[in-house]
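Here's the structure we're looking at; comments come further down.
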């Protein structure tokens, strides 16, 4: 499980170096496919919840490209630590 955390953090650094550490995720997605974000927004607001776009997805798209994988890697490390502590196993 720790390996998965390291993989996410390595992906975050690779994305940061490849696309600059300040480039927003939404800008990168728009560069690749300009129709994806409006389609995603319409689908989320119509089929899931209108407020979910403004509350979750828009702030996510405004963050730098590397933040998502980095936070996932940190979350994996955190869950791994909780799991090891709950099962009483030594951290490895």
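The values are calculated or read from the model by the stated rules, or taken from the named source; none is laboratory data. Note that the structure is a prediction, hence the values are computed from the model and not measured. Here Cβ is always computed from backbone atoms with ideal geometry, including for glycine, and neighbour counts include all displayed protein chains.
Here are a few things to note about the model shown:
- In the set 77, 57, only one residue is touching a helix residue (DSSP H, G or I) at 6+ places or on another chain (Cβ under 9 Å), under 16 Å from residue 6 (Cβ atoms), modelled with pLDDT under 95 and not in a loop (DSSP other than H, G, I, E, B); that residue is 77.
- Just one residue in the set 16, 51 is out of contact with any strand residue (DSSP E or B) (no Cβ under 6 Å at 6 or more places or on another chain), at pLDDT below 95, crowded, with 16+ Cβ neighbours inside 10 Å and in a helix (DSSP H, G or I); that residue is 16.
- Residue in region 62-70 that is free of Cβ contacts under 8 Å to residues at least 24 places away in the same chain, out of contact with any strand residue (DSSP E or B) (no Cβ under 8 Å at 6 or more places or on another chain) and either part of a helix (DSSP H, G or I) or buried (at least 17 other Cβ atoms within 10 Å of the Cβ) (or both) present: no
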